[in-house]
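To start, the structure under review is shown below, and the notes come after it.
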Amino acid sequence: MNFLETTAPPKARGPIIKRLLIRCPSTAKLTPSGQTIREDLWVKAKIKTSKFNCPHCGQSHTWSKKDVVLAR
Ligand SMILES: [Zn+2]
């Protein structure tokens with residue numbers, strides 16, 4: 001009997017943690033939300049709509065998942 005060992009596919013070095021940046025609708029600048037998420041969980045992640053105080057234009061923005069840009 002000759003078993004070929006199935007080698008596990010090479011994994012990326014651990015989970016990749018991304019920072020969540022929120023795009024300001026007024027200035028189009030990005031602001032860190034202070035939250036992080038594993039990149040592999042992002043697709044399925046349910047992000048609640050929430051608000052943040054924007055340092056770029058001084059307003060309070062409501063943001064949801066579509067406004068988020070992931071950054072390293
Ligand atoms: Zn803003």
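Bear in mind that the values in this text are calculations on the coordinates, not laboratory data. No experiment lies behind these values; they were computed from the predicted model shown. Cβ: placed from backbone, ideal geometry, glycine included. Neighbour counts: every protein chain shown.
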Next item on the list: Name every residue in segment 38-71 that is among the aromatic types (Phe, Trp, Tyr) and within 9 Å of the chain's Cα centre (by Cα), in order of residue number.
Entry: Trp42
Notebook entry, point to check: If a residue has to be surrounded by 12 or more Cβ atoms within 10 Å (Cβ to Cβ), of a type in the set (A, V, I, L, M, F, W, C) and part of a helix (DSSP H, G or I) to count, how many in segment 34-72 make the cut?
Noted result: 1
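Within segment 18-48, how many residues are out of contact with any helix residue (DSSP H, G or I) (no Cβ under 6 Å at 6 or more places or on another chain), within 16 Å of the ligand (Cβ to nearest atom) and farther than 10 Å from Leu70 by Cβ?
First, the residues of segment 18-48 that are out of contact with any helix residue (DSSP H, G or I) (no Cβ under 6 Å at 6 or more places or on another chain): 19-21, 24-46, 48.
Adding the requirement that they be within 16 Å of the ligand (Cβ to nearest atom) leaves 20-21, 24-34.
Subsequent filtering for residues that are farther than 10 Å from Leu70 by Cβ retains 24-34.
The qualifying residues number 11.
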